[in-house]
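Read the figures in this text as sums done on the coordinates, not as results from a lab. Worth saying up front: this structure is predicted, and the values here are computed from it rather than measured. Cβ coordinates were reconstructed from backbone atoms using ideal geometry, including for glycine residues, and neighbour counts include every protein chain displayed.
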Amino acid sequence: MAEEKETQEAERTNSMSAIERYLLTVKNITQAGNFSIRFDTQDAGELSELGSDLNKMLDRFESIFGNISDLTKQISKVSLHTMSSIAEQDAVANQQSASVAEITSTMEELSATSRQIAMNADSVLSIAEEGVDNAQGGVKSIEELENRMEIIADVNNRNSNEIIELGRKSGEISKVMEIIKGIADQTRMIAFNAALEAASAGESGKRFGIVAVEIRRLADNVTESAKEIAGNISEIQTTVNQLVVSSEKSQSEINNGVEEVSETKAVLNSILDSAHANQVASKQISTSTQQQNTASNQVVIAIKEISLGAQSNAKSIQETGSRIENLANMATDLEKKMEEFEMGEGKIEWTPIYNLGYPVLDAQHKALIQEIRSFYEALEKGGDFGGALEKLRIKAKEHFDYEESLFEKYAYDDREKHEEKHKSLGLFLDDIQSGKIKDKKNIYKHLKTWLNRHILVQDRMYVESFKKKKIESL
């Protein structure tokens, strides 16, 4: 029974401690108007569910007030812009009233001009139709030219092949002439040997010697003729080679001509398409100008009605301007009211609400706030923010070490839970450094929320505990 009684007493004590923490959190929220503070639901016993519901409500309030704040700023900007626009519209409305008479006169002139345009549109239509006919004739002529160019290309290609064949045959003739020249040389050598034999034979060989001389003379003639023929064939081959080169150039030029004809044909087809389009457009213009003449007369009547409407509109614009001005003033007042609430998104600044009554702690908290701001400024600039992050980590550790020494010195009951909150900041900074968390806005909001809970809830709890123990200074 005694143990059960002690357990109930301990639970009652813990419940009272949780209630005190909740009351302290409510006090901080109401005094600071800070919706980034949340109730601590750990070890809260029966109040845990209530704290969770209250945190959800605060999340909702923070979102709603944040939206209202953004909307108020937008309304203020839009109101100022609208007021400026209305002032311009007022001036324009006055000018419109003065311009209506001039517009009426202009529209009457436009009606006469429309009749003249209709006549000109008929002429343009005739020209467009003639252009279509000419373009069609051009396309037909270029098609005939394209066919002829293809025939010329085929003929030139056949001529080139025949010239190449002629060159080949002249080469074969040269080979035959070389054989004939060899035979003639051998014949001349045989005739020379026969003449020697005839001379050795004396009188009986005279006749044979005469024949040998004639054969030698014939061989010499054949050799000379072969040389002349070889020279002629060489000239023929040179000429054939030149013809082949010339034929290839001609073929290339003819091919270029065929391509250019094809391109010209494509251009003419495009011109023909444009001519058809112009023809259709000219018909539409002719019809439109006739309709315009009728419409211009109706516009003159409508403009007179617009004159009356413009006068009424000018009066309405003035009344609207007065209402918008009232709206802008209301938005400005609402914006000032919203500035009294803290949604966890603004710059962290030291305020009297953070004072805990112990100068050393207050000084450390001020330094911690400054390091958070410096870190966020480095984060906003982009690039390397590692130096600022390390400074923040060092400053936080100095503060945590000091607080934990106080917990030990003055036997603070909730020490373990508080130290867990210290570790949570270190883990968050590790995630930033490793790149797991990158969103700048969420980083800063998390740091500010953590700081508010750290000072206004957790630190204030142990400060209240120290004050109950009559600790006046640390």
Surrounding charge for Gly182, neighbours by C-beta under 12 angstrom, Lys/Arg +1, Asp/Glu -1, total +1
Between Arg415 and Asp439, Cβ-based FRET efficiency (R0 41 Å, step 0.05) works out to 0.80
Quick calc, the stretch 153-304, dipole around Cα centre from Cβ unit charges on Lys, Arg (+) and Asp, Glu (-), nearest 20 debye, gives 320 debye
Quick calc: nm separation of the 7 Å Cα→Cβ label points for Asn221 and Glu390 -> 11.5 nm
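Distance cut-off 29 Å, Cα to Cα: go down the list Lys417/Lys468; Lys397/Lys448; Lys421/Lys469; Lys381/Lys445; Lys448/Lys470; Lys381/Lys436 and report the pairs above it. Walk me through the intermediate numbers first.
Numbers: Lys417/Lys468 20 Å; Lys397/Lys448 17 Å; Lys421/Lys469 24 Å; Lys381/Lys445 17 Å; Lys448/Lys470 31 Å; Lys381/Lys436 19 Å.
From Lys417/Lys468; Lys397/Lys448; Lys421/Lys469; Lys381/Lys445; Lys448/Lys470; Lys381/Lys436, over 29 Å: Lys448/Lys470.
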One finds, for Ser200 and Leu166 with R0 = 60 angstrom and r their Cβ-Cβ distance, a FRET efficiency to the nearest 0.05 of 0.70
Ranking Pro352, Tyr462, Phe385 by how far each Cα lies towards the positive end of the charge dipole of the stretch 346-474 (+1 on Lys and Arg Cβ, -1 on Asp and Glu Cβ), the top one is Pro352
Expected unfolding gain across Arg207-Asn193 under the 0.36 nm per residue rule, minus the alpha-carbon gap, is 3.6 nm
If each K or R counts +1 and each D or E counts -1, the residues other than Val240 whose Cβ falls under 13 Å of its Cβ total -3
Under the Karplus relation with 6.51, -1.76 and 1.60 and θ = phi - 60°, whole-Hz ³J(HN,Hα) for the stretch 367-375, x at Gly and Pro, equal 5, 5, 4, 5, 5, 5, 5, 4, 4
The ³J(HN,Hα) series, computed from each phi in the stretch 236-248 with the Karplus coefficients 6.51, -1.76 and 1.60 at θ = phi - 60°, rounded to the nearest Hz and given as x for glycine or proline, is 4, 4, 4, 5, 4, 4, 5, 5, 4, 4, 4, 5, 5
With 0.36 nm assigned to each residue of separation and the Cα-Cα distance removed, Lys175 to Glu263 gains 26.8 nm
The local net charge around Asn161, scoring Lys/Arg +1 and Asp/Glu -1 for residues other than Asn161 whose Cβ lies under 12 Å from its Cβ, equals -2
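How high is the FRET efficiency between Glu404 and Ala277 when r is their beta carbon distance and R₀ equals 60 Å, given to the nearest 0.05?
Rounded to the nearest 0.05, the efficiency is 0.10.
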Here the gain from full extension of Glu380 to Lys140, 0.36 nm per residue of separation minus their alpha-carbon distance, amounts to 79.3 nm
